[in-house]
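The values are calculated or read from the model by the stated rules, or taken from the named source; none is laboratory data. Keep in mind that this is a model prediction, so the values were computed, not measured. Accessible surface areas use protein heavy atoms only, side chains included; no ligands, DNA or RNA. Shrake-Rupley method; radii C 1.70, N 1.55, O 1.52, S 1.80 Å.
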Amino acid sequence: MLLSSIKKGFLVGLKTTWTLGKIIFPVTLMVAVLQYTPVLPWIIKLLTPVMKLIGLSGDAAIPLVLGNFLNLYAGIGAILSLHFSVKEVFILAVMMSFSHNLLIESGVAMKAGVKLWVILTTRLGLAFISAAVINLVWHGGGEPAKYGLIEGQTQSASSFAEILLQGLEKAGLGILQLAIIVIPLMLVIQILKDLEWLQKFSKVMGPMTRSLGMKENTSTTMAAGLIFGLAYGAGVMIQAVQEDGVSKKDITLAFIFLVACHAVIEDTLIFVPLGIPVWPLFIIRLGVAIMLTLIVGTIWKRSGMVTRKEASYD
């Protein structure tokens, strides 16, 4: 069975790399080329005052917009083509960890019974508040960021051919780094699936869900979101909500936790090529998720908003 899982996981990893590469490659190439046109400088100049409020330069708006409307990989693709300090890249990573892929992941949350305004307010609020706090607290990180394999690859270009070549080189290296991370990750996830560790993990999470103010029947939803993410784990999560009879209040609390901290393996490791410390990123996400869920649950309970009606889903 292990050999079968490895083979299947490898194929899934290749397929995932191809799917995500079709996003990262054109985005990286497009941003790399746009740097030599008036378009990108104009956008940067327009948004610089807003970005400065959270310690970022104007061009940071580009990966933020792409990350929120598309996904993390599009945002990372844009970062790889731009020049930032270590502090700026870390702030961008934290912001995009909290707020990304809003169209798809908000749809998943709504399908599971969570209000759209709750998801958008939580995710965008966490992104901007965390950026402002990090900017105020961290006084270092001013040195230029180094992007793994892409380090030292940027040179001045004097012709369109050279500009295009540089963009293709950056995009290609970005895909290579993606494959190095995604393929082993998919192998591990496939093995976990075949060993039915999701069910085991959901049982382990029972006490945790209780401590956060939710019933134990929320544990499968929490486990799916933590391991697979809101988009990849959508099917498992929606099925768990429908079959386990999770209440409106519990699924709302679960999603408040998960929008701050989901896909903890993948969404942490994909930032490795950006050259930032990923452990602080993980700790920030987990800590914020726990505190926010406890605060919302306590306020909800004390305000008398909790009515233990089981949700009915279509």
Worksheet item: Going down the table (Lys115/Lys301; Lys115/Lys215; Lys22/Lys248), which pairs top 29 Å between alpha carbons?
Response: Lys22/Lys248
Practice prompt. Please give the solvent-accessible surface of Glu216 in Å², to the nearest 10, using a probe radius of 1.4 Å with every protein chain present.
Written response: 90 Å²
Worksheet entry | Within straight-line cross-link reach of Lys7, lysines at Cα separation under 22 Å, skipping those fewer than 8 residues along the same chain | Lys15, Lys193
Item to complete: Excluding residues on the same chain fewer than 8 positions from Lys146, give the lysines whose Cα lies under 16 Å from its Cα.
Response: Lys87, Lys170
Response to the item:
With all protein chains present, segment 67-125 has a carbon and sulfur share of its accessible area (1.4 Å probe) in percent of 76 percent
Worksheet item: Any idea of the accessible area per residue across segment 1-93, 1.4 Å probe, to the nearest Å²?
Response: 47 Å²
